[in-house]
Amino acid sequence: MARSLSLLERLGGKKEEKPQPERPRLSKPEVKPQPQPREIYTETQRKQEREAAVEASAFAGRRALTAKNDVMQELKLAVHRRIVDEMTPEEQQVLVRGEEARDQIKNIISVYSSRELAEGAYAAISRGERLQLVDDISNELLGLGPLEPLLQDDSITEVMVNGPKQIFIEQKGKLRLTDVRFYDNAHLMNIIERILTPLGRRVDESSPLVDARLADGSRVNIIIPPLSLVGPTITIRKFSKKALSIDDLVSFGTLSKDMGTFLDACVKARLNILVSGGTGSGKTTTLNVLSSFIPATDRIVTIEDAAELRLQQIHVVTLESRPPNLEGQGAITIRDLVKNALRMRPDRIIVGEVRAGEALDMLQAMNTGHDGSLTTAHANAPRDVLSRLETMVLMAGMELPVRAIRTQISSALDLIIQQSRIRDGSRKITYITEVQGMEGDTIILQDLFRYVQDRIDDKGKSIGHYESMGFLPNFLDKFQLNGIELPKNFFTSGRD
């Protein structure tokens, strides 16, 4: 019987061998034949094994990708340190020139990267990874670091940073997690400061949340600890670099061609219009398109928290609210701006969104000669937005009876456009609803157009159609007064 050598025997020593007692041999129990499993269980096991293999492969891929990202992050930090330690005065002068010297700066970064790769203990990286390294460091020095490629991608409509290690994007209406990461919280806070410094805004523990905008007009919301428990959080709502037209919305399926023609006529006929919808439903985009119908001869005043609207007319005054300063003083609210706009001789007032007491001032403006005004509000249905308006008017601090508020609303608003984000990520104008007036204590609404969802296809895409309800709106006299004509039988029931 073979046995392994002891340490003493390996070293050449001798060891007395003791006789080993012979162990009794145990008889093997009789094995009864087991019934063979049915084929359905065998196939189930195979399926489970295949799924487990796929899952293991995906996990291994993610783990390898994470390890690769960690190496690249270390390399970036090393190149950063080398640049800070070894950069010459001449190179510093090039760096000060900023974006206009981007190509020269990338050449400088490429030199330092090559030195670090030659001297450091890094595995060989491909030419593509080397170029990506230079681009990433350039973005760190000149732009918004890891966020820069996401902001440059026109197919991405929203960027959501949930702490330094988790960045989501919205692309084609769907959310997905990216492999983009920050080094740590300090790196993320540095990028936040870079966003806010040119705007004269700040964020710290005493003021841990802020709304701002980027140079391209994109809206930014920032919230940091202690309010955010996952670390500094950034939400960037991007806007198309090209101003969208009504034809673009029709091609996207947001509304039908007839609905676009009708909305064009409504704006030119100076109707007061409210766009309602949930978060991310496309209210601001629709408001931008509606504003494009305003004649160039009108004087327009826009009022927003963060200026997002981009009007094409030449006679536009853009107003933006202001948060309080370090001492908590000097805040200018949307309501203050609406009151001031009434003294600026506007033909049209456009309020980006009504959220509180400014709703009362907006309704009063619509009722006192400022026809053709536009605004948006958060709501899930045309009827719901009326209830929200009542609540917002009460937030103005005026103890008005509910009937008086409803009378104000029914006489001020002519049209409600309800916009929704469908399950497949697409945006649809689901209702165009007329505000007809009061009947007793109830505001009467009448749907003029609506979106009807027929089914969801195999890919999860909403399949539906737009239809006219066949009713003539009561404000057709305003069309005649402003010389607006629609084709005959335009409101024929079922017309798409």
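The values are calculated or read from the model by the stated rules, or taken from the named source; none is laboratory data. The shown structure was predicted, so the numbers you read here are calculated from the model rather than taken from an experiment. Please note: Cβ atoms are built from the backbone with ideal geometry, for glycine as well, and neighbour counts cover all protein chains shown.
Summary of computed values
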quantity	calculated
Near pairs, Cβ below 7 angstrom, 6+ apart or cross-chain, from the range 224-236 (more than 18 Å from ASP184 (Cβ to Cβ)) to any residue that is small (Gly, Ala, Ser)	ILE236/SER218
Residues (out of contact with any Phe, Trp or Tyr (no Cβ under 9 Å at 6 or more places or on another chain), among the small types (Gly, Ala, Ser) and part of a loop (DSSP other than H, G, I, E, B)) located in the range 403-433	GLY425
Leading residue by the ranking (nearest to the chain's Cα centre (by Cα)) among those in the range 357-402 that are assigned to a loop (DSSP other than H, G, I, E, B) and of a type in the set (D, E, K, R)	ASP371
Condition check for LEU147: buried (at least 19 other Cβ atoms within 10 Å of the Cβ), in a helix (DSSP H, G or I) and in contact with a helix residue (DSSP H, G or I) (Cβ under 7 Å, 6 or more places away or on another chain)	yes
Test set (1) closer than 25 Å to ASP216 by Cα; (2) touching a residue at least 12 places away in the same chain (Cβ under 8 Å); (3) touching a Lys or Arg at 6+ places or on another chain (Cβ under 9 Å) - LYS165 fails condition number	(1)
Scope the range 443-496; condition more than 30 Å from ASP298 (Cβ to Cβ), in the same structural domain as VAL267 (by TED's automatic domain parsing) and surrounded by fewer than 13 Cβ atoms within 10 Å (Cβ to Cβ); matching residues	VAL452, ASP454, ARG455, ASP457, ASP458, LYS459, GLY460, ILE463, HIS465, GLY470
Residue tally, condition surrounded by fewer than 21 Cβ atoms within 10 Å (Cβ to Cβ), aliphatic (A, V, I, L, M) and touching a residue at least 40 places away in the same chain (Cβ under 8 Å), over the range 327-360	2
Qualifying residue in the range 119-132 (condition: within 15 Å of PRO232 (Cβ to Cβ) and in contact with a helix residue (DSSP H, G or I) (Cβ under 7 Å, 6 or more places away or on another chain))	no
Some residue of the range 283-296 being in a loop (DSSP other than H, G, I, E, B), free of Cβ contacts under 8 Å to residues at least 40 places away in the same chain and farther than 23 Å from VAL250 by Cα	yes
Residues that are in contact (Cβ under 8 Å) with a residue 60 or more places away in the chain and under 25 Å from ARG202 (Cα atoms), drawn from the range 311-325	PRO323
